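Below you'll find the structure, written out as structure tokens, and then a few comments.
The values are calculated or read from the model by the stated rules, or taken from the named source; none is laboratory data. As the structure is a computational prediction, the values presented were derived from the model and not from experiment. A quick note on method: Cβ atoms are made from the backbone with ideal geometry, for glycine too, and the neighbour counts reach across all protein chains shown.
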Amino acid sequence: MLSLVNQKHYKNQHKFFQKAYEEGDPQWTGDGSPSSELVRTIKKIKPKLKLKHALDIGSGEGRNSIFLSREGFKVLGLEYQEQAIQQAMGKRKRGLLYVRGDVFCIPLKPCSFDVLIDFGVFHHIRRKDTATYLNMLQSMLVPGGYMILSCFSRKFKHANGKLYKRGYVVHKNHYDRFLTRAELRRVFGKHFNILKIKEVKTGFLDGIFQLKGTGRK
């Protein structure tokens, strides 16, 4: 089956992000520091982990991947933008590998990771494709593995200051999705134990989830 990324919508979205990297203006990169929420979460869960293998979905220029590597994890950064990978490779650390690929078709052995992070992919996945996204991520985690997520909340404001009450918007060739805490709980609650969902002032939801049951093979 062809990956969903080959559909027109995601091809257009790819062009949007490609242009941002080519112009040297990926606003989501910030100053290159890792997410403070990720730093706090890893400090709490690290003693519980056996593998210490982490998958960074949409790793970008590597800010979170580099942090995990420094914490002693074997890290795989999955990124669809070649330009982002090239920039990340210049900061490469021991135990850190970057692979070009998309979240709908991850070319890796199931149950390979006990930590999975997504800081910017989920809120660009169309609602109708959510099940495919979740199935792929579940397959990557070991039973009891952790997913650490940051996504747009319903209070996120674009540069124009506008809020989108319907929960999504398509603009500039890409799709943005906005959720409430309750909506995020419904999306992940079927297959994950909800350990934490926090809304932050910048218009994001930070979530920590733990895979239920025996995982997906």
Practice task
State whether the residues of region 161-169 include one that is part of a strand (DSSP E or B), among the β-branched types (Val, Ile, Thr), under 28 Å from Gln7 (Cα atoms) and without any contact (Cβ under 8 Å) to a residue 12 or more places away in the chain.
Solution key: yes
Exercise for the section: Kindly list the number of the only condition in (1) farther than 24 Å from Val200 by Cβ; (2) part of a loop (DSSP other than H, G, I, E, B) that fails for Gly60. Expected result: (1)
Practice task
Answer yes or no: is there a residue in region 204-212 that is acidic (Asp, Glu) and surrounded by 18 or more Cβ atoms within 10 Å (Cβ to Cβ).
Solution key: yes
Exercise for the section: Filter region 122-162 down to the residues that are farther than 24 Å from Asn64 by Cα and exposed (fewer than 14 other Cβ atoms within 10 Å of the Cβ), then identify the one that is modelled with the highest pLDDT. Expected result: Ala131
Practice task
Considering every residue within region 99-120, establish whether at least one is at pLDDT 95 or above, aromatic (Phe, Trp, Tyr) and in a helix (DSSP H, G or I).
Solution key: no
Exercise for the section: Please verify whether region 37-55 includes one or more residues that are small (Gly, Ala, Ser) and at pLDDT below 95. Expected result: no
Completion exercise
Scanning region 194-203 residue by residue, the ones that are part of a strand (DSSP E or B) and either surrounded by 14 or more Cβ atoms within 10 Å (Cβ to Cβ) or in contact with a helix residue (DSSP H, G or I) (Cβ under 6 Å, 6 or more places away or on another chain) (or both) total 4
Practice task
With the checklist (1) touching a residue at least 40 places away in the same chain (Cβ under 8 Å); (2) more than 17 Å from Tyr10 (Cβ to Cβ); (3) of a type in the set (Ser, Thr, Tyr) in hand, flag the one item Thr132 doesn't pass.
Solution key: (2)
